[in-house]
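A.B. asks: First, the structure itself, so that you have it in front of you.
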Amino acid sequence: MAIGLIIFDCDGVIADSEVLSAEVLIDQLADIGIAITMDDVRRDFLGRSFPTVAATIRSRFDRPLPDGFEAAYRARLLDRFQTDLAQTPGFATMLRGLGLPVCVATSSSPPRVARTLQILGLTDDFGPHVFTASQVEHGKPAPDLFLFAARRMGRRPQDCLVIEDSLPGIQAGISAGMSVLSYRGGSHLRDLPRPDLTVDSFDNWADFPQLLDRIHANGNGT
């Protein structure tokens, strides 16, 4: 089996951003009297679009979010990114040595992912090949976004490899009929025990070429 396209999630895979976004959300919710923890974020929000996160919060706490909450969250987060955002360790070096077609498929909004890649110096590495949940009807864990990305890149699902950090993203890749690897090198997962996943996991981009060789040899990453 030859992988013809690698599809990267963004937050927690390319960008070590999940702790930053969680801290901004936790602080902003505290301002309106809603208390959540980092464990809540890891369990319920990783890999989800903000509208899904907001709907979960409204349902759980049985109260609406204030007008402008989302816009304020996005603005505060981008301010935090400007000063604190970093790539996951070794990502750019790995990416530039791949020699394979790549794209991004993320639950983040188009402005957020564009800003993320710009801050990290990766805009030119992906060019126009950046796809978001806003372009499909159903976000992760539905397979729609990954299937959309594959179509836009001219690849069959079975020829694609998805790199994800979240359970919804892993489920989406599997449902799309793609090979999947779980990346656990982001700061939000690095010290946690590895869950019992149905896909192989890794936490160091230096190990990725060997994992890719194994997928080529064995047929898939699931």
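A.B. asks: Quick check: convex hull of the Cα atoms in segment 81-147, volume per residue, rounded to a whole Å³?
C.D. replies: 102 Å³
A.B. asks: Could you give the accessible area per residue of the chain, probe 1.4 Å, as a whole number in Å²?
C.D. replies: Ligands and nucleic acids excluded, the result is 45 Å² per residue.
A.B. asks: Can you run the Rg to Rh ratio on the chain? Use alpha carbon positions and the Kirkwood inverse-distance Rh.
C.D. replies: 0.96
A.B. asks: Next question, about the same structure. Using the Cα gyration tensor of segment 103-222, with a ≥ b ≥ c the square roots of its eigenvalues, what is the shape: rounded (a/c below 1.5), prolate (a/b larger than b/c) or oblate (neither)?
C.D. replies: Verdict is rounded for segment 103-222.
A.B. asks: Amide H neighbours of Thr106 under 5 Å, at least 5 residues apart or on other chains, H built in the peptide plane: list them.
C.D. replies: Here the answer is Phe131, Thr132, Ala133, since their amide H atoms fall under 5 Å of that of Thr106.
A.B. asks: Quick check: at a probe of 1.4 Å, how many percent of the accessible area of the chain sits on carbon and sulfur atoms?
C.D. replies: Answer for the chain: carbon and sulfur cover 49 percent of the accessible area.
The values are calculated or read from the model by the stated rules, or taken from the named source; none is laboratory data. As the structure is a prediction and not an experimental result, all values here were calculated from the model. Ligands, DNA and RNA are excluded from the accessible area calculation, which covers all protein heavy atoms including side chains. Shrake-Rupley method; radii C 1.70, N 1.55, O 1.52, S 1.80 Å.
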